[in-house]
1. State whether the residues of the range 217-227 include one that is in a loop (DSSP other than H, G, I, E, B), over 19 Å from the mean Cα position of the chain (by Cα) and farther than 18 Å from residue 64 by Cα.
2. Hey, residue 169 hits all of (1) closer than 30 Å to residue 242 by Cβ; (2) exposed (fewer than 13 other Cβ atoms within 10 Å of the Cβ) but one; which does it fall short on?
3. Tell me whether the range 117-125 contains one or more residues that are surrounded by 13 or more Cβ atoms within 10 Å (Cβ to Cβ) and within 18 Å of residue 51 (Cα to Cα).
4. Please state which of the following conditions residue 100 fails to meet, knowing it meets all the rest: (1) part of a helix (DSSP H, G or I); (2) without any contact (Cβ under 8 Å) to a residue 12 or more places away in the chain; (3) closer than 22 Å to residue 81 by Cβ.
5. I want to confirm something. Restricting to the range 188-214 and keeping residues that are in contact (Cβ under 8 Å) with a residue 40 or more places away in the chain and in a loop (DSSP other than H, G, I, E, B), which single residue is surrounded by the most Cβ atoms within 10 Å (Cβ to Cβ)?
6. Taking the range 220-245 as the region of interest, how many residues are surrounded by fewer than 18 Cβ atoms within 10 Å (Cβ to Cβ) and over 17 Å from residue 273 (Cβ atoms)?
7. Only one of 82, 36, 19 is under 30 Å from residue 164 (Cα atoms) and modelled with pLDDT under 90. Can you tell me which?
């Protein structure tokens, strides 16, 4: 009865206040648990930082024209974080630590083969030496190998999809992009609201300008034959409980889209759109994307070359992420 007496305008205002409270809850948790501050001993956050840094080193060896001696700054940061890992006596047998050391070893081997001097790194790496394994660095594939695996059962097909940063000069058949989008349209979305949208261009100048707003495509973005921008329309969602749902639905849609591109034998690399509000508004203005759509990410796309280097991007063991639910 009390609810019925409250004017709708007041109810709307209360809902907005509640929404602010929920966003503040998100803010507090991110501030408390994210890697914003590594000054104190935080194993999970340190592992995440190490993973991100070794992947920068790893993917540098997959570019069409790798600049020899690249990444000195990020390598020194990675070495510093590995030293912290040792200092705090964290378990070195973990996937993150072993992958980082293996990637640095691969970096040295890569440069030695090309007769480029990396003597500055070898003594620094010696203190972290472990048994040499193959969980870091790069893998060389041929187009035929990828095509063969892509025709296998899904467990093999999905494992054969990689982020590709090297494309041939052959123009893409636009119908292949449409086919991939059609595959993604079968993705589940909350209440079947289908909020995801895909913007595309094959124009090199537009690709170049759009990618100038994204910081993770250096060294390969300009070689893409197509650029996709995946968004999610927030007008599809209601109330405080769905404040993050556009990113969930958009993420599910994007993975299906990547599989669709892989089925069409197109190389693709998802490019994160973790950016500032200012940059988000700028690119929406220039690309004519409505303010009511969240940009989920960009995807660079191109035809596969005959031979390609791919980052190993070692995964955690299934037992590390597979956990039984318990109620208390």
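1. No.
2. Failing condition for residue 169: (1).
3. Yes - at least one qualifying residue is present in the range 117-125.
4. Answer for residue 100: the failing condition is (2).
5. Of everything passing the filter in the range 188-214, 214 is surrounded by the most Cβ atoms within 10 Å (Cβ to Cβ).
6. 8
7. Unique residue meeting the criteria: 36.
Residues are listed down the side, and each one gets a yes or a no for (1) touching a residue at least 40 places away in the same chain (Cβ under 8 Å); (2) touching a helix residue (DSSP H, G or I) at 6+ places or on another chain (Cβ under 7 Å):
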residue	(1), (2)
238	no, no
249	yes, yes
280	no, no
310	yes, no
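The values are calculated or read from the model by the stated rules, or taken from the named source; none is laboratory data. Source: prediction; values computed, not measured. Positions of Cβ are generated from backbone atoms using ideal geometry, with glycine treated the same way; all protein chains shown enter the neighbour counts.
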